[in-house]
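To start, the structure itself, in structure tokens.
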Amino acid sequence: MTDRASAREALALVTGGFTELPYPERESAPDGPLGWPGYDAARARAAARTGEDESVVCAVADVEGTRAVLIAFEFGFLGGSLGERTGDRLEAAYAHAVTHRLPLVSLVATGGSRMQEGMLALTQLQRVARASARAREAGLPLIAVLRDPTTGGGWATLGAGADVVLALPGAQVGFAGSRVRPPGADPTAYTAEAQVAAGAADAVVRPEELRATLGRWLRLLTRPSADPAPPPFALGAADLPATGWDAVRRARSPHRPRTAAYLDAYFTSRVTLSGDRCGGADPDGMLCGFGDHEGRTVAYAAQTGTATRPAGYRTAARLVRLAGRLGIPVLTLVDTPGAANDAEAERQGAGPAIADLFAAVAAARTPLTTLVIGEGGSGGALALAAPHNTWATPDSYFSVIAPELAAAILKRPPSEVRPTADALRIRPQDLVELGVVRGIVGRGPESP
């Protein structure tokens with residue numbers, strides 16, 4: 001797809017054919033609702049240039065086998081701007097999705113609201129927001145693909161308001177368009193790549209990969225299941241630790257199987273959800289997404305063995321809530337020495353982020369399953385754990401806090417760290433006896 005591709009070129013990129021939806025009819029006064037001089041002439045020129053009579057094309061199509069409602073913006077029609085007739089079309093497309101229980105995909109390329117219709121154009125954003133809310137209440141997934149450019153109210157509603165946000169490389173993305181930014185503003189902040197880094201978008205996808213990627217997302221997000229996800233098999237040690245310190249040592253071993261190995265073994269394919277939608281991401285500390293497990297969709301939120309950042313907790317909470325709305329079970333993997341506790345983590349709201357994840361897990365609308373695969377350090381680990389459905393591997397531990405820190409809090413000398421680990425009863429078998437975990441998973445039937 002070329003830069004500033006037309007709406008129909010964008011549709012052709014993701015589907016082999018589509019059926020355009022019927023559009024509502026609206027009587028328009030000369031030069032629009034404000035009587036803006038030259039507005040009719042501008043619309044006529046835009047129509048002659050693009051072959052479209054409005055800035056969006058709405059259709060139903062199959063995307064890699066999944067039926068969906070598609071909305072494609074025509075940037076060549078007055079900069080893909082939103083006016084009253086645009087709002088009519090968007091609202092009708094959302095209503096069709098709700099009536100027919102179809103996911104909705106927006107292929108966005110817009111400069112924002114239409115100046116020639118003034119505040120009446122701006123209020124179309126409220127219509128879009130209401131339509132999006134109804135679709136969410138109906139349990140439908142909303143996916144946005146950000147084309148070049150995606151700015152203004154279109155970014156702040158159809159774009160950033162979607163459940164999953166994908167973007168084309170190098171696309172200009174930002175609330176402020178290029179003509180209204182402060183002088184000297186860093187242009188790299190207004191890119192698809194910057195929005196992914198800031199946690200506002202999930203991934204940058206190359207045009208040639210977009211159809212397959214979008215197809216995977218649509219397939220995974222439209223397969224609800226009421227059954228809980230089974231815990232993964234253990235990939236590491238099969239025997240249990242003799243002492244508490246042995247449990248700690250094995251969980252901290254660099255040779256122990258890590259999160260990526262567990263996800264690869266559990267899922268045949270998966271897609272990644274990234275970012276907390278609050279300005280942050282924790283791609284090295286929390287892996288979230290949806291995957292294929294034995295023919296059904298399971299959502300996952302998995303710690304990677306590092307101290308989890310606030311953005312990681314908020315991303316996991318976002319994942320749990322989205323999975324609940326779509327009726328998809330969740331698997332969480334616990335592996336962290338604890339929450340990040342540096343000054344920057346405090347400034348980023350570590351406490352509220354952990355509290356939000358506790359709340360999301362406690363109020364989860366679909367079954368959660370947890371496996372502790374390494375370190376289970378304090379509340380930073382417990383926030384991700386499913387009440388009454390947490391399991392442990394033989395090479396893991398779960399503790400109120402790391403034994404070294406527990407000894408320090410109790411004013412014990414370093415020589416008392418190992419006895420403290422025993423006293424805390426943090427071994428997997430201790431956790432089963434205490435009722436903290438349901439059981440210890442074994443190795444799979446094909447394990448050597």
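Please pick out the residue among 361, 372 that is touching a Ser or Thr at 6+ places or on another chain (Cβ under 7 Å) and among the β-branched types (Val, Ile, Thr). First the steps, then the outcome.
On the way: 361 fails: touching a Ser or Thr at 6+ places or on another chain (Cβ under 7 Å).
So the residue among 361, 372 that is touching a Ser or Thr at 6+ places or on another chain (Cβ under 7 Å) and among the β-branched types (Val, Ile, Thr) is 372.
Just to be sure before I move on: is residue 201 surrounded by 18 or more Cβ atoms within 10 Å (Cβ to Cβ), assigned to a loop (DSSP other than H, G, I, E, B) and not hydroxyl-bearing (Ser, Thr, Tyr) in the structure I sent? Talk me through it step by step, then tell me what you get.
Values: surrounded by 18 or more Cβ atoms within 10 Å (Cβ to Cβ): yes; assigned to a loop (DSSP other than H, G, I, E, B): yes; not hydroxyl-bearing (Ser, Thr, Tyr): yes.
So residue 201 fits the description; yes.
Here is a check on your reading of the model: is residue 142 in contact with a strand residue (DSSP E or B) (Cβ under 7 Å, 6 or more places away or on another chain), within 13 Å of residue 94 (Cα to Cα) and of a type outside the set (D, E, K, R)? Spell out how you get there, then give the answer.
On the way: in contact with a strand residue (DSSP E or B) (Cβ under 7 Å, 6 or more places away or on another chain): yes; within 13 Å of residue 94 (Cα to Cα): yes; of a type outside the set (D, E, K, R): yes.
So residue 142 passes the test.
From the list 311, 301, the one residue that fits, being touching a strand residue (DSSP E or B) at 6+ places or on another chain (Cβ under 7 Å), touching a residue at least 60 places away in the same chain (Cβ under 8 Å), of a type in the set (Gly, Ala, Ser) and not assigned by TED's automatic domain parsing to the domain that holds residue 139, is 301.
Taking region 391-408, which residues are among the acidic types (Asp, Glu) and without any contact (Cβ under 8 Å) to a residue 40 or more places away in the chain?
Looking only at region 391-408, we keep the residues that are among the acidic types (Asp, Glu), and these are 395, 404.
Matches in region 391-408: 404 only.
Restricting 174, 161, 153 to residues that are under 30 Å from residue 101 (Cβ atoms), crowded, with 16+ Cβ neighbours inside 10 Å, under 20 Å from the mean Cα position of the chain (by Cα) and of a type in the set (Gly, Ala, Ser) narrows the list to 161.
May I ask you to verify whether residue 28 is out of contact with any helix residue (DSSP H, G or I) (no Cβ under 6 Å at 6 or more places or on another chain) and of a type in the set (S, T, N, Q)? Answer is yes for this residue.
With in contact with a Pro (Cβ under 6 Å, 6 or more places away or on another chain) and of a type outside the set (Val, Ile, Thr) as the only criterion, which of 381, 392, 339, 423 stands out? When all the criteria are applied, what remains is 392.
Set side by side, the residues 405, 410, 424, 434 differ, and just one is farther than 30 Å from residue 227 by Cβ, more than 29 Å from the chain's Cα centre (by Cα), surrounded by fewer than 17 Cβ atoms within 10 Å (Cβ to Cβ) and of a type in the set (A, V, I, L, M, F, W, C), which is 410. Return yes or no: is residue 15 modelled with pLDDT of 95 or more and touching a Lys or Arg at 6+ places or on another chain (Cβ under 9 Å)? Yes, satisfied.
Among the residues of region 96-138, what is the count of those that are over 24 Å from the mean Cα position of the chain (by Cα), within 28 Å of residue 211 (Cβ to Cβ) and surrounded by fewer than 15 Cβ atoms within 10 Å (Cβ to Cβ)? Of the residues in region 96-138, 2 are over 24 Å from the mean Cα position of the chain (by Cα), within 28 Å of residue 211 (Cβ to Cβ) and surrounded by fewer than 15 Cβ atoms within 10 Å (Cβ to Cβ). Residues 221, 263: which one is in contact with a Pro (Cβ under 6 Å, 6 or more places away or on another chain), touching a residue at least 12 places away in the same chain (Cβ under 8 Å) and surrounded by 18 or more Cβ atoms within 10 Å (Cβ to Cβ)? The unique qualifying residue is 221. Annotation note: of 211, 270, 296, 277, the sole residue that is of a type in the set (D, E, K, R) and free of Cβ contacts under 8 Å to residues at least 60 places away in the same chain is 270.
Just checking, does region 47-56 include any residue being in contact with an Asp or Glu (Cβ under 8 Å, 6 or more places away or on another chain), in the same structural domain as residue 178 (by TED's automatic domain parsing) and closer than 25 Å to residue 216 by Cα? Before you say what the answer is, go through the steps one by one.
Here is the first cut: in region 47-56, the ones in contact with an Asp or Glu (Cβ under 8 Å, 6 or more places away or on another chain) are 47, 50, 52, 54-56.
Remaining after also requiring in the same structural domain as residue 178 (by TED's automatic domain parsing): 47, 50, 52, 54-56.
From what is left, the residues that are closer than 25 Å to residue 216 by Cα are 56.
Yes, there is a match, as at least one residue in region 47-56 is in contact with an Asp or Glu (Cβ under 8 Å, 6 or more places away or on another chain), in the same structural domain as residue 178 (by TED's automatic domain parsing) and closer than 25 Å to residue 216 by Cα.
Within region 369-377, identify whether any single residue is farther than 30 Å from residue 134 by Cα and without any contact (Cβ under 8 Å) to a residue 12 or more places away in the chain, and answer yes or no. No, that holds for no residue. Quick check on residue 60: is it touching a strand residue (DSSP E or B) at 6+ places or on another chain (Cβ under 8 Å), surrounded by fewer than 23 Cβ atoms within 10 Å (Cβ to Cβ), in contact (Cβ under 8 Å) with a residue 24 or more places away in the chain and not small (Gly, Ala, Ser)? Yes: the conditions hold for residue 60.
How many of the residues making up region 13-49 are assigned to a strand (DSSP E or B) and either touching a residue at least 60 places away in the same chain (Cβ under 8 Å) or of a type in the set (Lys, Arg) (or both)? Outline the logic, then answer.
In the first step, residues of region 13-49 are kept if they are assigned to a strand (DSSP E or B); the result is 18-20.
Next, from what is left, pick out any that are either touching a residue at least 60 places away in the same chain (Cβ under 8 Å) or of a type in the set (Lys, Arg) (or both): none.
Counting residues in region 13-49 that are assigned to a strand (DSSP E or B) and either touching a residue at least 60 places away in the same chain (Cβ under 8 Å) or of a type in the set (Lys, Arg) (or both) gives 0.
I'm checking my understanding of the structure. Among residues of region 317-358 that are part of a loop (DSSP other than H, G, I, E, B) and small (Gly, Ala, Ser), which one is surrounded by the fewest Cβ atoms within 10 Å (Cβ to Cβ)?
In the first step, residues of region 317-358 are kept if they are part of a loop (DSSP other than H, G, I, E, B); the result is 327-329, 337-338, 340-342, 348-349.
Right, trim to small (Gly, Ala, Ser) and you get 327, 338, 340, 349.
Details: 327: 15, 338: 18, 340: 23, 349: 18.
In this case the residue turns out to be 327.
The values are calculated or read from the model by the stated rules, or taken from the named source; none is laboratory data. Note that this is a predicted model, so its numbers are computed, not measured. All Cβ positions, glycine included, derive from the backbone under ideal geometry; neighbour counts span all protein chains shown.
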